[in-house]
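Undergrad: Take a look at this one; I'll ask things after.
No lab work stands behind these numbers, since they all come straight from the coordinates. Predicted model, so just to flag it, every value in this text is computed and none were measured. Because the Cβ atoms are built from the backbone with ideal geometry, glycine has one as well, and the counts that use them run over all protein chains shown.
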Amino acid sequence: LGRGALSFFCRGLRTVGLVLLYYVFSIGITFYNKWLMKGFHYPLFMTLVHLALIFCLSALTRRAMQCWTGKPRIVLSWTDYLHKVSPTALATALDIGLSNWSFLFITISLYTMTKSSAVLFILFFSLVFKLEEPNPFLILVVLLISCGLFMFTYESTQFNLEGFIMVLLASFIGGIRWTLTQVLMQKAELGLQNPIDTMYHLQPLMFLGLFPLFLYNEGLSLCSSEKLFRVTELSPLLYSLFTLSIGGALAFGLGFSEFLLVSRTSSLTLSISGIFKEVCTMLLAARLMGDKLSTLNWLGFVVCLCGISLHVGVKTYYSKSKWSVLWLTVHNTV
């Protein structure tokens, strides 16, 4: 009995530690990007830097795993890479790019709430691709999240239409992204079941997919900016590169902490943690960033959380595979 209690305590302590690690990276990158956007108005360039850093860190992690296990890591052929990975990479790049872009216009509270609507689009595309079996609870999930989003944005004192549309579009593309990611990881012949391998293969195509949008919107402005290319002293340049690098490290840490949490506990733990993470983010935004929320806004947030919780419960009940739950609920961490 003593050994059993000690083992249970150690597992519980490990789970709490992994959840806290996940919270640090997930909440940290949200607030960090919002803070950075106050003085660095180039979200697409910031995203490109993050993608480059994630690729380098993924490559180093793959090398370390290969040395540790003695087994070579998967490397896709160019045919599979371009035909099967590129749609997922493009959708992922647009989702992340638009999400970061929206921080120029909206508060963290509105961002967090609107991004929660990704569940609706994930459900839609999962039904389209026949990854999800229709059940009567889906209608209730859609109604709860939709009503919650409407209540949250109704007469909001800090509402910004441009930023709201960006996040909503990012959520729509996110539905495509996670559906394609699930399909990609479930193809056993590709060998991308490990998220580190998936991150490694996605980043180059994500970079190329987002680069034209960056050139069109920020290229000329960035070239004439004193933040990077027209610096007169070295210290501002090093500061800009350092702050951008921290965001890239946080983005990589977020993906890695998700993998650790799921591999050492379960996908249900990640799903439930994601719900409480949203609550923590909203409370911190109101406390630290001065986001103003009315009683109706908070009520809408609660209604939306009820819809997400119902989705997690139903998905867990009907799920037939671990990866199905993981990649359909991981939207909470973006």
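Undergrad: Which helices, taking whole DSSP H runs in the chain, have alpha carbons extending 20 angstrom or more along the helix axis plus mean Kyte-Doolittle at least -0.5?
TA: TM-like helix candidates: 2-37, 43-69, 86-102, 137-153, 161-186, 195-214, 234-264, 267-288, 295-318.
Undergrad: For Ile165 and His41, compute 0.36 nm times the residue count separating them, minus their Cα-Cα distance, and round to one decimal in nm.
TA: Separation in residues times 0.36 nm, less the Cα-Cα distance, equals 42.8 nm.
Undergrad: Right, next: Full-extension gain between Cys223 and Ala5, please, as 0.36 nm times their residue separation minus the C-alpha to C-alpha distance. Before the final figure, lay out each step's value.
TA: Working: separation 218, 0.36 × 218 = 78.48 nm, distance 6.12 nm.
Taking 0.36 nm per residue and subtracting the Cα distance, the gain is 72.4 nm.
Undergrad: Rank the residues Lys315, Lys187, Lys34 as a footprinting-exposure proxy: fewest other Cβ atoms within 10 Å of their Cβ go first.
TA: Lys187, Lys34, Lys315
Undergrad: Kirkwood hydrodynamic radius of the chain from all distinct Cα pairs, in Å?
TA: 20.8
Undergrad: At 7 Å along Cα-to-Cβ for each site, give me the label-to-label distance between Ile139 and Leu127 in nm.
TA: The two pseudo-label positions are separated by 1.0 nm.
Undergrad: Say we join alpha carbon atoms closer than 10 Å with springs in a Gaussian network model of the chain; which of Ala285, Ala91, Ala64 then has the biggest fluctuation?
TA: Ala64
Undergrad: Find me the longest stretch of the chain that has none of the exposed chymotrypsin sites (Phe, Trp or Tyr not before Pro), where exposed means in a DSSP loop (not H, G, I, E or B) with at most 14 other Cβ atoms within 10 Å.
TA: The longest uninterrupted stretch comes out as 1-128.
Undergrad: Further question on the same structure: If each residue's Cβ is checked for other Cβ atoms within 10 Å, how do His311, His41, His83 rank with the fewest at the top?
TA: Ordered by Cβ neighbours within 10 Å, fewest first: His83, His41, His311.
Undergrad: Another question, then. Tell me, Leu205, Leu284 in order of fewest to most beta-carbon neighbours within 10 Å?
TA: Placing the least packed residue first, the sequence is Leu284, Leu205.
Undergrad: Go through Lys84/Lys292; Lys187/Lys315; Lys38/Lys277; Lys84/Lys115; Lys34/Lys71 and tell me which ones have a Cα-Cα distance over 32 Å in this structure.
TA: Among Lys84/Lys292; Lys187/Lys315; Lys38/Lys277; Lys84/Lys115; Lys34/Lys71, the Cα-Cα distance tops 32 Å for Lys84/Lys292; Lys34/Lys71.
Undergrad: Extension gain Glu233-His83, at 0.36 nm per residue separation less the Cα-Cα distance, in nm?
TA: 49.5 nm
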